[in-house]
Structures are given as C-alpha cells and as structure tokens.
Amino acid sequence: MMSEPNPHISIEAFEALCRREANFVEQYGFVTEHIGYGTARARLPFDDAHIRPGGTVSGPAMMALADFTMYALVLGMIGPVPLAVTTSLNINFLRRPGRADVLAEARILKLGKRLAVGEVNLASAGGDDPVAHVTATYSIPPPDQRSYGPPATS
C-alpha cells in the first residue's frame, strides 16, 4: 500500500496566509479542519449573519466556503502560493441546509502545471445528505510569478 504524500502547507501556515492576504475569511469565521495532499475539509460555523430570507444559509456564504476549501486543497498540493486563484466555480444547490454549521469536503480531480480541478461537497453538520455540490478550477501561476511585485527578469 502506497502512502499519501504529506501536504505542502500546514493548517497553521494556511490560516496565517489567510489572515495576511484574505481578510474576508475572518468575516465568515471559516474553520480549517484538515489539509491533506489532495483533500481538505473546512467548516462555516452557523451564524445568523449568513441567513437569507426563508431562514436558511445563503448561497453566497456556501459558495465562499467551497472556494475557501478549494484554496486549502490546492495549497495543500502546491504549497503557499497566494496568487493561485479561482478561474471557475460551479455550484449546484441540492437541498436547503439546516440551521447548523455547513461542512465542506474537497478532493482533487486533476492537478496540472497551470490548473487544478477539484470538487467540494457541502453538507449540514449532523446531516448525511449533501446540500450542494461544487466543481472548481484554480489557476496556478508559473514558478517565476508566484510572489508579489514586478515579474522576474532574466
């Protein structure tokens, strides 16, 4: 049996990067529960601030959780590359989430040199049925363009 490679970023390093570079994360209160090599899990704690009319967790909050979890997934495979960005995200809302935390489980479908494709399943805490299914693609900058500032010159 072959073992899974170690992730290229720890939860602590990922959260520090998000505190520095992604202020919106604090507004949602996302909790990173797991980062593996090709897997990630995060949680959106239930908060009335995320409720839409009808008393359910809003679609934008669930989309943000899926994107955040996908970012953790990608960085778990390529390391701390702040400029890896979402190029597409498609969400299918399957059922109304309960008034509970929303859990996101992500897995990689394909990691290439310039693109990463993954899927994220969202469920209400304590529930077995998925509330949404997401596919997303991330753009990975070439090694010489992975930091801020002017492009490297030869």
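The values are calculated or read from the model by the stated rules, or taken from the named source; none is laboratory data. Please read these numbers as outputs of a predicted model, since none were measured by experiment. Positions of Cβ are generated from backbone atoms using ideal geometry, with glycine treated the same way; all protein chains shown enter the neighbour counts. The protein model used for the area step is the full one, side chains on, heavy atoms only, and it has no ligands, DNA or RNA in it. Shrake-Rupley method; radii C 1.70, N 1.55, O 1.52, S 1.80 Å.
Here are the numbers:
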quantity	calculated
Stokes-Einstein translational diffusion, the stretch 66-137 - Kirkwood Rh over all Cα pairs, 0.692 mPa s, 37 °C, in µm²/s	259
Computed magnitude of the charge dipole of the chain (debye, nearest 20; Cβ of K, R +1, Cβ of D, E -1)	360
With all protein chains modelled, accessible area of Glu105 [1.4 Å, Å²]	90
Rounded percent of accessible protein surface that carbon and sulfur make up, the stretch 50-154, 1.4 Å probe	55
Translational D in µm²/s for the chain (Stokes-Einstein at 37 °C, 0.692 mPa s, Kirkwood Rh from C-alpha pairs)	206
Efficiency of FRET from Cβ geometry, Asp128 and Arg20, R₀ 30 Å, rounded to 0.05	0.25
Inter-label distance, nm, simple model (7 Å from Cα along the C-beta direction), Val31/Ala13	2.4
At 1.002 mPa s and 20 °C, Stokes D of the stretch 39-106 from Kirkwood alpha-carbon radius, µm² per second	165
Among Arg107, Arg95, Arg41, residue whose mean-square fluctuation peaks in a GNM of the chain (springs only between Cα atoms under 10 Å)	Arg95
